[in-house]
Amino acid sequence: MNRISPPPPTSPTRDRILQALRVHGPQARVDLSAMVEMSPATVSGVTGELVRAGAMRESLERDAGEGGRSRGRPKVTIELVPETAHVIAVKLSINEIQAALGDFTGAAVKAETTPLDTRALSPADIVAALGEAIERCIRTLTPGYGPCLGIGIAVQGLVRDSDIIAWSPALSVRDVDIVQPLVQRFGLPVYAANDANCIAVALRNRPEFQAIDNMAVLMLGTGVGMGLIVGGNVYDGRTGAAAEFGHTKYQMDGPFCHCGRRGCIESFVGDYALYRDARAMLDLPNTDALHPSEEQMQVLCDLAAKGDPVALGLFEQAGRALGFGLTNLIALISPSLILVSGSGVRAYRYLEPSMRRSLSDGLVETLLANTEIRPYPWDEDLTLRGITGLVLGNVPYQPNG
């Protein structure tokens, strides 16, 4: 967890208003009042304070009449000023560290990527590399922005107690405390979280998902991850290591997974697993065993599109494993919605038929009918946006700060 002096007293009213504007964008005060379920007087008082502090600004918006002509009095809307304050958002994954500036609206901008051999790093090297990426981000990306509210680190792998990397496929070492050394170095609140949880936060903060309090975000790609939203909040268990969907079992004596065990769902569905099995049967170029490239994975999809029986068979097997795991998930927690996303959604059309058959075979219709499952396009990596939102949601903004 973030181990620094307690944050100053916060205003729940202010925080709700800020979060509503981050999710829904510019709003008229009367609409914002209904959105946050507060009186117009309360909303006017809080937003007025923030406008005077420079954290919000007003703009005029005219309704367009017929023919595009404006009509009536213009509506005054308020919006957040992106440069008011910022956070540093970092993503640690296989062979790279990304660092970005997260602005006051919750957007992650100006990302920089540092390639490095992550599995060659010692615990001290990991902390040093993260610190250097953060320093570089502060030095080159933050001029023109207000104070830094905190640092967020999204990690591919298990994060325990929001500060320790218990295990990651990107690293060869375990139980690495990344938070306390960075708190000491920068004197700022620091938060660490699983990357799938960060993506779940980013999607939950989309306006179209605000009314869904119980949902799962299934991430397909290099590995297989999941973020769970239960009661409107991320559920990460007692220690922060819950919802490791990719490491639930499909076949106890199955292939080896990167976690060191056999038969995990990821060992059938992850990019590395699909490409590993394809190379055993097809003439494909060698690759990084941990991280096949997007181009190499697209080759498998292209083969499936042409009807190649090996590629189709691998995707059929992967879809069956996915359906098996989702059958258990739905039976246990019955989420309203499961979004399937990540770079691996490129192959969803080939995974879906056998996934649906597994679900139909494994669940009674009543249970299956309660959960919608659909793909969500991976047009952008939402990890940095998610960790930005996590920090902004945990660190209060003080107008005089």
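The values are calculated or read from the model by the stated rules, or taken from the named source; none is laboratory data. All figures in this text were calculated on a predicted structure; none of them were measured in a lab. With ideal geometry, Cβ positions are generated from the backbone for all residues, glycine too; neighbour counts draw on all protein chains shown. When the accessible area is computed, the model is the full protein with side chains, heavy atoms only, and any ligands, DNA or RNA have been set aside. Shrake-Rupley method; radii C 1.70, N 1.55, O 1.52, S 1.80 Å.
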Rounded to a whole %, the carbon-and-sulfur portion of the accessible area of the chain at a 1.4 Å probe is 51
Given a 1.4 Å probe, the accessible area of region 321-401 per residue, as a whole number of Å², is 45
Note to self, the chain gives a 222 nm [θ] from helices alone (DSSP H runs n ≥ 4, -39500 (n - 2.57) apiece, / all residues, nearest 500) of -12000 deg cm²/dmol
Once normalised by the length of the chain, the mean sequence separation of its alpha carbon contacts under 8 Å that are 6 or more apart gives a contact order in percent of 17
Note to self: with every protein chain in place and a 1.4 Å probe, region 12-139 gives an accessible area per residue in Å² of 48
Note to self: C-alpha centroids of region 347-401 and region 100-150 sit apart, in Å, by 26
Result for region 214-288: accessible area per residue, probe 1.4 angstrom, in square angstrom, of 43
Where a ≥ b ≥ c are root eigenvalues of the Cα gyration tensor, a/c under 1.5 meaning rounded, otherwise prolate if a/b exceeds b/c and oblate otherwise, region 311-393 counts as oblate
By the Kirkwood definition, with r running over pairs of different Cα atoms, the chain has a hydrodynamic radius in Å of 22.7
By the mean-Cβ-within-10 Å protection proxy, highest first, 233-245, 354-366 rank as 233-245, 354-366
For Glu266, Glu295, Glu316, the accessible-area ranking with a 1.4 Å probe, largest leading, is Glu295, Glu316, Glu266
Counting only DSSP beta bridges fully inside the chain, the antiparallel percentage to nearest 5 is 65
Whole-Å distance linking the alpha carbon centroid of region 286-327 with that of region 174-251 is 25
Dividing the mean separation of Cα pairs under 8 Å (6+ apart) by the residue count of region 248-393 yields a relative contact order in percent of 20
Of the DSSP H helices in the chain, the ones reaching 30 Å or more along their long axis in Cα terms and averaging at least 1.0 in Kyte-Doolittle hydropathy are 309-333
As straight-line cross-link partners of Lys91, the qualifying lysines (C-alpha separation under 28 Å, not fewer than 8 residues apart within one chain) are Lys110, Lys249
Long-range alpha-carbon pairs in region 184-232, meaning those over 18 Å apart, account in percent for 40
Treating only Lys and Arg (+1) and Asp and Glu (-1) as charged, each at its beta carbon, one finds that region 286-401 has a dipole about its Cα centre, in Debye to the nearest 20, of 280
Percent relative contact order for region 146-219, counting Cα pairs under 8 Å at least six residues apart, stands at 31
